[in-house]
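Undergrad: Below are the structure tokens for one structure; questions will follow.
The values are calculated or read from the model by the stated rules, or taken from the named source; none is laboratory data. Since the structure is predicted, the reported quantities are computational estimates derived from the model, not experimental observations. A quick note on method: Cβ atoms are made from the backbone with ideal geometry, for glycine too, and the neighbour counts reach across all protein chains shown.
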Amino acid sequence: MQYLRRKEVLVPLLLTVVIAFVFTNGGIRALYYNERGVACLRSGELERAKRLLTAAVDADPAYPIAYYNLGLVYRLNGDYKAAINLFRQALDNHPDFYMARLDLARTLVKIGKFAEAKAELRKLAAIPAFKGDINAILAQIRKE
């Protein structure tokens with residue numbers, strides 16, 4: 001045990017572990033692809049964003065933010081059903097991901113699934129920060 005406490009052994013060992021973690025961990029790759037995908041999304045490069053965010057989902061299928069951002073890309077492209085599936089996948093991985101639930105409700109309204117949208121909004125009703133968004137979506141449902 002004394003041998004492992006020596007600096008000349010411990011530092012290279014830790015460095016090896018960190019490098020192995022960074023290059024083999026899907027979560028790190030997912031984070032990298034997600035960040036690049038979001039940058040493309042913001043600049044309007046939707047096809048490139050879609051490729052990068054798909055790579056993020058493939059790198060770590062449990063990473064809800066990648067599903068959410070990919071859902072935004074699909075919604076912007078008008079593929080509402082795919083967007084809904086991606087928002088739901090994000091929620092399956094993290095049920096308290098409130099932005100995914102809010103955008104799921106918005107997208108459900110786009111395809112006329114008002115009852116489902118209201119059900120999602122009810123799950124958000126207890127969160128004061130979403131009150132304005134919830135009221136705006138409910139007003140849109142009333143117009144339809």
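Undergrad: Residue check: is Ile65 loosely packed, with under 15 Cβ neighbours inside 10 Å and part of a helix (DSSP H, G or I)?
TA: Against the criterion (loosely packed, with under 15 Cβ neighbours inside 10 Å and part of a helix (DSSP H, G or I)), Ile65 does not qualify.
Undergrad: Here are Leu76, Leu70, Leu15, Leu53: which of them is modelled with pLDDT under 85 and either of a type outside the set (D, E, K, R) or closer than 16 Å to Phe97 by Cβ (or both)?
TA: Just one listed residue meets the conditions, Leu15.
Undergrad: Still on this structure, please answer the following. I want to confirm something. Restricting to the range 19-46 and keeping residues that are at pLDDT below 85 and not hydrophobic (A, V, I, L, M, F, W, C), which single residue is surrounded by the fewest Cβ atoms within 10 Å (Cβ to Cβ)?
TA: Thr24
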